[in-house]
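Worksheet: the structure to be examined is printed underneath.
A short reminder: the numbers here are calculations on the coordinates, not readings from a lab. Bear in mind that the values here come from a model prediction, so they are computed numbers and not experimental data. Counting neighbours? That spans all protein chains shown, and the Cβs are built from the backbone with ideal geometry, glycine included.
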């Protein structure tokens, strides 16, 4: 890919999403092994999202102000690793709350800044983003399947050491990612709030928020849900992996996809298929084939959706607002949405059960689809 630092960026994505591939499916099982109830598990798991409310905006503003995105990523990765080691020294809810809050605040800095850096390196070749980002999906698959087999054979406590190793990998590759200058743009003089308050931008932000709310119950309780219905941990790992394998297919085909269909169409279809997916998970858990088909829809409920969403944010937030734009996407959707979704799902899971919890998730994505159909007007890439 010419001067594009393909493997250095790809390596970072690999370890970053390998970390997610262990934390999302298996950390809740570790917390459950400590005797924590569903509500406390939901609160602790939501901390990864809570800190995405504040962290990315702080780091994004600082990075755009200093013009040193990668330096901030490196510092944050080091502090995140150091703070995580606290999980080896305590297991109470209060202790883990403090450890996970501190780790998550610094961990939240990495992705939006690396996304902005990657897009700057790509320049006008944004359609090639998927070829780099797919290595994050590969990392997720390797981690989720590998950890699943390990946890079938070894005590759940080993997950702490797996996560530690992945954080070391994130730090290592953060030292290799090269800095990239922001791409100047005629709209640089506009205040960031002037961009945010545009109707199409607000519609997208709300829709992304609702998508994250919907996914929170999936990321927090999907593994517990399957294990309680008799699925082995390795089977759980493979079901997670099926979704990510399909996601990789979308990343590879992203350039062709967005040449053939508008961003608006891709987003609307993605939200519609997400609605179907959550209903299938909520009401079809007894059928492995239904769960398999539901996981294939991850290609759209995350893969196509994510590429389209960051492309639109990149379109609206240019130049000196680049890192802030990606930070807004991360904080409002994954941060606020993931936090509220994690907390509400912990309550509804115990009060009304899994089927109703996933039905509420489907209602969120259906509402978002309607909003985008009504308000969003976007050009093709």
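For residue 91 and residue 350, calculate 0.36 nm times their separation in residues minus their Cα-Cα distance, and state this gained length in nm to one decimal.
Answer, rounded to one decimal: 91.0 nm.
Shape of the stretch 205-326 from its Cα gyration tensor (a ≥ b ≥ c, root eigenvalues): rounded if a/c is under 1.5, otherwise prolate when a/b > b/c, or oblate?
Prolate.
Treat the count of other C-beta atoms within 10 Å as a stand-in for reagent exposure and order 51, 71 from fewest to most.
71, 51
For residue 101 and residue 259, calculate 0.36 nm times their separation in residues minus their Cα-Cα distance, and state this gained length in nm to one decimal.
My answer for the length gained is 52.8 nm.
Binning every alpha carbon pair distance of the chain at 20 Å from zero, what are the percents per bin?
Histogram of Cα-Cα distances, whole percents per bin: 30, 62, 8.
What FRET efficiency, computed as 1/(1 + (r/R0)^6) with R0 = 30 Å and r the Cβ-Cβ distance, is obtained for residue 168 and residue 252, rounded to the nearest 0.05?
Efficiency at R0 = 30 Å is approximately 0.55.
Looking at the chain as a GNM with Cα springs under 10 Å, which of 282, 55, 146 has the largest mean-square fluctuation?
Looking only at 282, 55, 146, the biggest GNM fluctuation is shown by 146.
Gain in length, residue 68 to residue 125, computed as 0.36 nm per residue apart minus the alpha-carbon separation, to one decimal in nm?
18.3 nm
What ranking do 30, 6 get, fewest neighbouring Cβ atoms within 10 angstrom at the top?
Arranged by neighbour count, lowest to highest, 30, 6 become 6, 30.
Can you sort 344, 219 so the residue with the fewest Cβ neighbours within 10 Å comes first?
344, 219
Return a whole-number percent for the relative contact order of the chain, with Cα pairs under 8 Å and 6 or more residues apart as the contact set.
RCO, the chain: 30 percent.
Need one word for the stretch 1-154: rounded, prolate or oblate. Basis is the Cα gyration tensor (sqrt eigenvalues a ≥ b ≥ c); a/c below 1.5 gives rounded, then a/b vs b/c decides.
Oblate is the answer for the stretch 1-154, as a/c is 1.5 or above yet b/c matches or exceeds a/b.
Taking only Cα atoms and a 10 Å spring cutoff, compute GNM fluctuations for the chain and point out the largest among 297, 176, 113.
176
Checking a compactness column here: for the stretch 7-55, what do you get for Rg(Cα) / (2.2 N^0.38 Å), N being the number of residues?
Dividing the Cα Rg of the stretch 7-55 by 2.2 N^0.38 Å gives 1.39.
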